[in-house]
1. Taking all protein chains together and a probe of 1.4 Å, list Lys222, Lys326, Lys198 from the most accessible to the least accessible.
2. Taking Rh as the Kirkwood radius computed over C-alpha pairs, what is the Stokes-Einstein D of region 168-240 at 10 °C in a medium of viscosity 1.306 mPa s, expressed in µm² per second?
3. Of the beta bridges DSSP finds with both residues in the chain, what % are antiparallel, to the nearest 5?
4. Lysines within cross-link reach of Lys214: Cα-Cα under 25 Å, excluding same-chain residues under 8 positions apart?
5. Based solely on its DSSP helices, what 222 nm [θ] is calculated for the chain when runs of n ≥ 4 H residues each add -39,500 (n - 2.57) and the sum is averaged over all residues, nearest 500 deg cm²/dmol?
6. Looking only at Cα atoms, what is the convex hull volume of the chain per residue, in Å³?
7. Scanning the chain for GluC sites (Glu not before Pro) in DSSP loops with at most 14 other Cβ atoms within 10 Å, what's the longest stretch left with none?
8. Within straight cross-link reach of Lys118, meaning Cα distance under 26 Å, which lysines are found once same-chain residues fewer than 8 apart are removed?
Amino acid sequence: MSWLKGYFRRGIGVDLGTANTLIYVHGQGVVLREPSVVAFDDQNRLLAYGEEARAMIGRTPQGVRAMRPLRDGVIAEATFAEAMLKEFIGRVIGNRGFSFQSPEIAIGVPSGVTDVEKNAVRKAVRNAGASQTYLPEEPMAAAIGAGLPVSEPTGSMIIDIGGGTTEVAVISLSGIVVNASIRIAGDELNEAIIRYLKKVHSLAIGERTAEEIKFRLGSAYKTVENDKYDVRGLNLMSGLPRTVTISRGEVREALAEPLVAVVEAVQSTLERTPPELAADIFNRGIFLTGGGALLQGLDELIANETEVPVFIAEDPLSCVAIGTGKMLSEPSYRRVLEQSLVHS
Ligand code: ADP
Ligand code: MG
């Protein structure tokens, strides 16, 4: 087996997500975890990356902007996305005493992406110094990271809910059999909270506040507790700062619409699943990954609507990164790896 170890030793796995970028190194685990955000000045000079840049969102002085270079799971601002990836990969290669400078890189892409979008990622990875690029589909990487038996002749269903996209996929024998990819995920939930506060309470809030409300008070399924949270924002009538108290029940109402879309994507995927695989999924359950998996009660909502047991993967935010890394380092995923090789 030692030759196999040698063959599969050099790669790093990357999850370039709309919300977060993670890098996984074999034997070391997730070594980098940063928000996918850059800050730059009016001459497009990059000032900060990751957490440092995220802290600037909505708080920048004139001439400085902080933004996310990915939107809906794909690269929207190519130059900034490339610079960000290069910075993060550089930090990992530079800091870890790596014996190589141009590693093999496996980086997840949403299953619905176009060739143009795929090409943008490939180019960014190559410019970041990859010797060989693999572009596995995110649900496959997520399933591997969640520990599902993707190479076996059995059906596994994964739902990966990130910032920009929700990916639903049924996997068997190292391939995706049926899938759905919708551009409704964590960001839409934040936007739904913004819309609700505006409509019902005439209160304007920013994206970060909306996300904070989602973390503290968000839920997808009825709960006994109905705790409250004081939200500060701008009164749309007077234009003055104001505090509004909202309850868990209200936030659930606000989130209902985008969550229906997620449930429908799951149902439509199940409907298109061949019977043998559907039976496997009914027996073994559906697995949730991505940050959206952490929304309280989402597992219950989906289980209730589909009548299939639903489980949240261990460390759902890290599954895609772990999966891309494992693909490179573990021989049992060789077929998945070969299928995702990009010739450039
Ligand atoms: P991406 O793959 O798009 O980068 P992630 O898998 O990193 O996305 O998940 C980020 C999303 O998960 C964000 O929309 C964030 O608000 C959401 N999220 C993270 N933690 C929680 C939580 N505890 N409850 C609800 N949503 C969460
Ligand atoms: Mg993701």
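1. Greatest to least solvent exposure: Lys222, Lys198, Lys326.
2. Once the numbers are plugged in, D ends up at 108 µm²/s.
3. Close to 75 percent.
4. Lys198, Lys199, Lys222, Lys228
5. So the calculated ellipticity at 222 nm is -12000 deg cm²/dmol.
6. About 138 Å³ per residue, rounded to a whole number.
7. With GluC sites (Glu not before Pro) excluded where exposed in loops, the chain gives 1-224 as its longest stretch.
8. Counting by Cα, and skipping residues close in sequence, Lys118 has these lysines nearby: Lys86, Lys326.
The values are calculated or read from the model by the stated rules, or taken from the named source; none is laboratory data. Every value quoted in this text rests on a predicted model; they were computed, and no experiment measured them. Using ideal geometry, Cβ is built from the backbone for each residue, glycine included, and neighbour counts are taken over all protein chains shown. For the accessible areas, the whole protein counts, side chains as well, though only heavy atoms, and no ligand, DNA or RNA atoms are used. Shrake-Rupley method; radii C 1.70, N 1.55, O 1.52, S 1.80 Å.
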